[in-house]
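Everything below concerns the one structure shown next.
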Amino acid sequence: MKAELDEEFREFMLGRWPVMVRLAYGLTGDRGHAEEVAQAAFAKAYAAWPKVVRAGSPDAYVRQIVVNEFRNRFRKRRVHELFTDVLPDAITADTSPGIDSRAALVTALRALAPKQRAVIVLRYWLDLTEAQAATALNCSVGTVKSQTSRALAILRKSPELVEGDLR
């Protein structure tokens, strides 16, 4: 029985890892933090896997854990940067198409309040409905609508997005 549950979880995690990291990246704006948040969320989901399965929608359950983990991690502590006099080794530029627009979008998202950022990521990156986003954020649909409206107004005025002509 335990081996079956472990295998079921393993398959679920392998299939949903990229989506949950993408969600966490949208929330944190940093690939390393995103992977940490997703890893912590899957660890919590694994610990409660029978309960997660009984809930009926493991994807929504883990998505909720990712959002909660993001809130908890970045509410409790801020990441402090350490500036030094020594520059790191030179990094070659990424010439992938669209890298500038992605960077501009992530920069603009970082300017939003955490709840607004979460609403935008859930609604437009993960393409969730207002009701699904409300469930993931544990708030009302009206709150999702108002936070979306405010966030989009801020993003429309964002210099990063205007200069990059991403509208």
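The values are calculated or read from the model by the stated rules, or taken from the named source; none is laboratory data. Since the structure is predicted, the reported quantities are computational estimates derived from the model, not experimental observations. With ideal geometry, Cβ positions are generated from the backbone for all residues, glycine too; neighbour counts draw on all protein chains shown. What goes into the accessible areas is simple: the full protein's heavy atoms, side chains included, and nothing from ligands, DNA or RNA. Shrake-Rupley method; radii C 1.70, N 1.55, O 1.52, S 1.80 Å.
Is there a residue being in a helix (DSSP H, G or I), over 22 Å from R123 (Cβ atoms) and open to solvent by 70 Å² or more (accessible area, probe 1.4 Å) anywhere in region 16-30? No, region 16-30 contains no residue that is in a helix (DSSP H, G or I), over 22 Å from R123 (Cβ atoms) and open to solvent by 70 Å² or more (accessible area, probe 1.4 Å). With respect to (1) open to solvent by less than 30 Å² (accessible area, probe 1.4 Å); (2) over 19 Å from the mean Cα position of the chain (by Cα), the lone exception for E4 is condition (1). Residues that are surrounded by 12 or more Cβ atoms within 10 Å (Cβ to Cβ) and either touching a residue at least 60 places away in the same chain (Cβ under 8 Å) or of a type in the set (D, E) (or both) within region 129-156 comprise E130, Q132, T135, A136, L137, listed in sequence order. Taken over region 44-77, the criterion of being hydrophobic (A, V, I, L, M, F, W, C) and under 12 Å from M20 (Cβ atoms) is satisfied by A45, A60, V62, I65, V66, V67, F70.
Looking across region 32-57, just one residue is surrounded by fewer than 21 Cβ atoms within 10 Å (Cβ to Cβ), touching a Phe, Trp or Tyr at 6+ places or on another chain (Cβ under 6 Å) and either at pLDDT below 90 or closer than 19 Å to L109 by Cα (or both), and that is A55. Per the conditions (1) more than 21 Å from N72 (Cβ to Cβ); (2) at pLDDT below 85; (3) of a type outside the set (D, E); (4) open to solvent by 70 Å² or more (accessible area, probe 1.4 Å), the sole criterion not satisfied by W125 is (1).
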